[in-house]
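Asks: Sharing a structure here in structure tokens format.
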């Protein structure tokens, strides 16, 4: 069995697999939860009692993504992974959520007889319960992208879907010549949902930002239209987005009246290499 990709958050030594979870040579142990993940986020790095997305948001997102509504994005990420795949590559999904894209990228990396080792991190333990179940071949941990428990230059590919761009940490752990897939919403993403919620909806801003130590190789845009045919699907989409926390009550009530909704989905995938 290969060594864990993770480092000990206490002493920064390499971690190895144990019967109960992970351990380091200095005796620090991290038990694997019943759901299959370990906890590597030190208490002084937590900003709340239960950081990250809550149980309701993760449950809604898992149902929605499992329904295949974002399949066009998933397929594009698979395609890009095949393009950059290499034997025995190490992959990090930073902000892996429920593991929907994680599993797809892992499987694409392992095609044609190649092997891959993948680690996923998220600050939400509720999300990791789904991720660890979806992809038991990988290892998952509660951890922060801003304090990654990984060695310097140990990762060939970083996947970052809709999560904070911790560029300094990503640069630290990515190998020279390695790649980063950074997925953000394109301008018209979920436009019809926003029309239903707000009297004056706004487009997402499209911008290209340069990050020290990275070279932007390409931007791939994925656009499609999805049909939500029952109120549960509409509510799941709403609940899994940031709009859930900042929409006035009137907008939520208007959405609850909808029986079906046709929605544009649009994503920009920024492909960076470590220079």
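Asks: Taking the stretch 82-94 as the search range and keeping residues that are touching a strand residue (DSSP E or B) at 6+ places or on another chain (Cβ under 7 Å) and outside any loop (DSSP other than H, G, I, E, B), which one is surrounded by the fewest Cβ atoms within 10 Å (Cβ to Cβ)? Spell out how you get there, then give the answer.
Replies: Looking only at the stretch 82-94, we keep the residues that are touching a strand residue (DSSP E or B) at 6+ places or on another chain (Cβ under 7 Å), and these are 84, 86, 89-94.
Applying the additional criterion that residues be outside any loop (DSSP other than H, G, I, E, B) yields 84, 89-94.
Details: 84: 17, 89: 20, 90: 22, 91: 23, 92: 27, 93: 28, 94: 28.
Among those residues, the one meeting the criterion is 84.
Asks: Can you tell me which of 262, 221 is surrounded by fewer than 19 Cβ atoms within 10 Å (Cβ to Cβ), in contact (Cβ under 8 Å) with a residue 12 or more places away in the chain and over 21 Å from residue 95 (Cα atoms)? Step through it out loud before you land on a result.
Replies: Numbers: 221 fails: over 21 Å from residue 95 (Cα atoms).
Sole residue among the options that is surrounded by fewer than 19 Cβ atoms within 10 Å (Cβ to Cβ), in contact (Cβ under 8 Å) with a residue 12 or more places away in the chain and over 21 Å from residue 95 (Cα atoms): 262.
Asks: Test of understanding: among 233, 264, 259, which residue is at pLDDT 90 or above and part of a strand (DSSP E or B)? Can you show your working first?
Replies: Details: 233 fails: part of a strand (DSSP E or B); 259 fails: part of a strand (DSSP E or B).
Unique residue meeting the criteria: 264.
Asks: In addition: Tell me which residues, restricted to the stretch 236-247, are without any contact (Cβ under 8 Å) to a residue 12 or more places away in the chain and either within 15 Å of residue 65 (Cβ to Cβ) or not in a helix (DSSP H, G or I) (or both).
Replies: Going residue by residue through the stretch 236-247, those that are without any contact (Cβ under 8 Å) to a residue 12 or more places away in the chain are 242, 245-246.
The one that is without any contact (Cβ under 8 Å) to a residue 12 or more places away in the chain and either within 15 Å of residue 65 (Cβ to Cβ) or not in a helix (DSSP H, G or I) (or both): 242.
Asks: May I ask you to verify whether residue 160 is surrounded by fewer than 20 Cβ atoms within 10 Å (Cβ to Cβ) and in contact (Cβ under 8 Å) with a residue 12 or more places away in the chain?
Replies: Details: surrounded by fewer than 20 Cβ atoms within 10 Å (Cβ to Cβ): no; in contact (Cβ under 8 Å) with a residue 12 or more places away in the chain: yes.
Spelling it out, it is not the case that residue 160 is surrounded by fewer than 20 Cβ atoms within 10 Å (Cβ to Cβ) and in contact (Cβ under 8 Å) with a residue 12 or more places away in the chain.
Asks: If you don't mind, there's one more thing I want to ask. Being touching a strand residue (DSSP E or B) at 6+ places or on another chain (Cβ under 7 Å), surrounded by fewer than 21 Cβ atoms within 10 Å (Cβ to Cβ) and either under 26 Å from residue 14 (Cβ atoms) or modelled with pLDDT of 95 or more (or both) narrows it down to one residue among 189, 147; which is it?
Replies: Details: 147 fails: touching a strand residue (DSSP E or B) at 6+ places or on another chain (Cβ under 7 Å).
Step by step, each of 189, 147 is checked, and only 189 is touching a strand residue (DSSP E or B) at 6+ places or on another chain (Cβ under 7 Å), surrounded by fewer than 21 Cβ atoms within 10 Å (Cβ to Cβ) and either under 26 Å from residue 14 (Cβ atoms) or modelled with pLDDT of 95 or more (or both).
Asks: Kindly establish whether residue 108 is in a helix (DSSP H, G or I) and closer than 27 Å to residue 54 by Cβ.
Replies: Working: in a helix (DSSP H, G or I): yes; closer than 27 Å to residue 54 by Cβ: no.
The answer is no for residue 108.
Asks: Right, next: Working only within the stretch 130-143, note down all residues that are closer than 20 Å to residue 42 by Cα and either touching a helix residue (DSSP H, G or I) at 6+ places or on another chain (Cβ under 8 Å) or surrounded by fewer than 22 Cβ atoms within 10 Å (Cβ to Cβ) (or both). Quick ask: steps written out before the conclusion?
Replies: The first filter runs over the stretch 130-143 and keeps only residues closer than 20 Å to residue 42 by Cα, leaving 139-143.
Once the filter is applied, which keeps residues that are closer than 20 Å to residue 42 by Cα and either touching a helix residue (DSSP H, G or I) at 6+ places or on another chain (Cβ under 8 Å) or surrounded by fewer than 22 Cβ atoms within 10 Å (Cβ to Cβ) (or both), the stretch 130-143 yields 140, 141, 142.
Asks: Which numbered condition trips up residue 61, out of (1) farther than 24 Å from residue 174 by Cα; (2) over 13 Å from the mean Cα position of the chain (by Cα); (3) touching a residue at least 12 places away in the same chain (Cβ under 8 Å)?
Replies: So residue 61 meets the others, but not (2).
Asks: Which numbered condition in (1) modelled with pLDDT of 95 or more; (2) within 23 Å of residue 105 (Cβ to Cβ); (3) touching a strand residue (DSSP E or B) at 6+ places or on another chain (Cβ under 8 Å) is the only one that residue 213 fails?
Replies: (1)
Asks: Could I ask something else about it? Would you point out which residue out of 97, 68, 36 is assigned to a loop (DSSP other than H, G, I, E, B), touching a strand residue (DSSP E or B) at 6+ places or on another chain (Cβ under 8 Å) and closer than 24 Å to residue 268 by Cβ?
Replies: Numbers: 68 fails: touching a strand residue (DSSP E or B) at 6+ places or on another chain (Cβ under 8 Å); 36 fails: closer than 24 Å to residue 268 by Cβ.
Every option except 97 fails the conditions.
Asks: Quick one: which of 41, 77 is modelled with pLDDT of 95 or more and surrounded by 18 or more Cβ atoms within 10 Å (Cβ to Cβ)?
Replies: Values: 41 fails: modelled with pLDDT of 95 or more.
From the options 41, 77, the qualifying one is 77.
Asks: Suppose the filter is exposed (fewer than 13 other Cβ atoms within 10 Å of the Cβ), farther than 27 Å from residue 152 by Cβ and in contact with a helix residue (DSSP H, G or I) (Cβ under 9 Å, 6 or more places away or on another chain); does residue 113 pass it?
Replies: Details: exposed (fewer than 13 other Cβ atoms within 10 Å of the Cβ): yes; farther than 27 Å from residue 152 by Cβ: yes; in contact with a helix residue (DSSP H, G or I) (Cβ under 9 Å, 6 or more places away or on another chain): no.
Considered against the rule, which asks whether it is exposed (fewer than 13 other Cβ atoms within 10 Å of the Cβ), farther than 27 Å from residue 152 by Cβ and in contact with a helix residue (DSSP H, G or I) (Cβ under 9 Å, 6 or more places away or on another chain), residue 113 comes out as no.
Asks: When you go through (1) more than 26 Å from residue 60 (Cα to Cα); (2) touching a residue at least 40 places away in the same chain (Cβ under 8 Å); (3) surrounded by fewer than 19 Cβ atoms within 10 Å (Cβ to Cβ) one by one for residue 210, which number turns out not to apply?
Replies: (2)
The values are calculated or read from the model by the stated rules, or taken from the named source; none is laboratory data. This structure is a prediction, so every number in the text was calculated from the model and none was measured. Heads up, the Cβs are rebuilt from the backbone with ideal geometry, glycines too, and the neighbour counts pull from every protein chain shown.
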